[in-house]
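Written below as structure tokens is the structure these notes are about.
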Amino acid sequence: MNFTCARKDLVEAFNVVSKAIAAKAQMPILTGIYMKAEGSTLELQANNFELGIITKIPVNTEVPGEIVVNGKYIQEIIKKLSGDTVSINHDEEQHIVNIKSETANFKLLSMSAEDFPKVKSPETFSTFGLRVSTLKNLIRKTAYACANDEVRPIFSGCCLEIADNFVSMVATNTHRIAIMKEPLGEQIENVPPIVIPSKTLWELFRMLDNSDLSNKVTIECSRKNICFTFDNIFMTSRLIDGQFPPYDKVIPKESTTIVTINVEEMLDAVDRVALISKETEYNTIRFIFTQDGINISSDSPDVGRAEEQISAKVEGPDVDISFNVKYIVDVLKVVDTEECIIKLTKSLSPIDLREKDRDDFIYVVTPVRTN
């Protein structure tokens, strides 16, 4: 194999596929990046069996072929080269890959391309398309609410469903739940609930940063996998087995106190008070909702106390309630309206937070019990 290409294209391609390189692999081949040069195209793949990615870039191929090279080392080498173009030549007999750019010359050992588990598209039961803007918004509004532990895998992913020309995405760690629902604007066949790992969705989110928001992502689902195709990228991920909990049941059916707040003012105040809450056992911050507004405070016996008063429209009885501050900050950062609505009942009952004059996003969080 012998080809020449723009270094910038190769750097971008490695940045994409490297997300699927196995960090700690029992099989050395999984730490590699597969490259196949043919005609005017170089195909690159990485696969760790949880996530698989394919991307393609334009090249000038003198001798077609395929190789696998250690992903970590070749990525770092290409990044640090100073030239605008890169030439890669494979010596099959010596199993050596020669990398040249201007005065730099590197040699890396190659691995057998035949041993690499190629990324494949599974047999799917459903195919549909979502705009980049829609998919990114679904991820941004929900994925942060997933659980980080592996003890309960079903809570480490987002539940995606299409029904009645609406697409919804839901995430929960059992202490909070984020629900986002958007109209599709076109007729799409219903898709039963599937649970996608949050790690996959965040990688997808970052890859979509360079895509036109009006473009569409083609999504294919099978029983065990989901595939995303956009621009020059194909990405496949395993789905999480199990049944997602019936999230509709956790949304509070009624409220006694309704609060309208300025999102930016609330976020700034919480950020300041959180400087003290970080030293508490459960990162706890206290809110007292009264007709005079919201009193926000946190006490740490080892550090001190922080307290701030902000204005708000409070309708209904006073409520004294405490939360893990992260659960409040996370949602305020993704609210897109200037004001949001918080619905409360009692000090130990979950709250319902929504954007003002919009019902497509719902965030429910349970309070922290305090003395």
Subject >> FRET E, pair A23, D209, Förster distance 25 Å, beta-carbon r, rounded to 0.05 >> reply: 0.65
Original post:
Hey, what number do you get for the chain at 222 nm if only DSSP H runs of n ≥ 4 count, each worth -39500 (n - 2.57), divided across all residues, to the nearest 500?
Top reply: -5500 deg cm²/dmol
Original post:
How much length is gained if the chain between N165 and D357 is pulled fully straight, taking 0.36 nm per residue apart and subtracting their Cα-Cα distance, in nm to one decimal?
Top reply: 67.0 nm
**OP:** Please work out the FRET efficiency for the pair K249 and K79, using the Cβ-Cβ distance as r and a Förster radius of 56 Å; give the result to the nearest 0.05.
**Re:** 0.70
**OP:** Extending each Cα 7 Å along its Cβ direction at D149 and N15, get the distance between those two points in nm, one decimal.
**Re:** 3.6
Original post:
Relative to the present Cα-Cα distance, how much length would full extension add between S347 and D318 at 0.36 nm per residue of separation?
Top reply: 9.5 nm
**OP:** Take the alpha carbon gyration tensor of region 207-330, find the square roots of its eigenvalues, order them as a ≥ b ≥ c, and report rounded if a/c is under 1.5; if not, report prolate when a/b exceeds b/c, else oblate.
**Re:** prolate
**OP:** Using only C-alpha atoms and all pairs of different ones, pull out the Kirkwood radius for region 126-248 in Å with one decimal.
**Re:** 14.4
**OP:** Arrange the following residues from fewest to most other Cβ atoms within 10 Å of their Cβ: S277, S121.
**Re:** S121, S277
Original post:
Gap in Å between the Cα centre of region 164-204 and the Cα centre of region 225-263?
Top reply: 4
**OP:** Could you work out the Kirkwood radius for region 193-277, taking every pair of different alpha carbons, averaging 1/r and inverting it, reported in Å?
**Re:** 17.1
Original post:
So if we plug the beta-carbon distance of S311 and L275 into 1/(1 + (r/R0)^6) with R0 = 22 Å, what FRET efficiency do we get, rounded to 0.05?
Top reply: 0.55
**OP:** Read through the labelled values (1) 176; (2) 123; (3) 166 and report the label of the one computed as volume of the Cα convex hull per residue in Å³ from the structure.
**Re:** (1)
Original post:
Which distance in nm do the two modelled labels at N262 and A6 give, with both placed 7 Å along the Cα-to-Cβ direction?
Top reply: 4.6
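FYI, it's all coordinate maths here, none of it is from the lab. The model shown is predicted, which means the values in this text are computed figures rather than measured ones. Cβ coordinates were reconstructed from backbone atoms using ideal geometry, including for glycine residues, and neighbour counts include every protein chain displayed.
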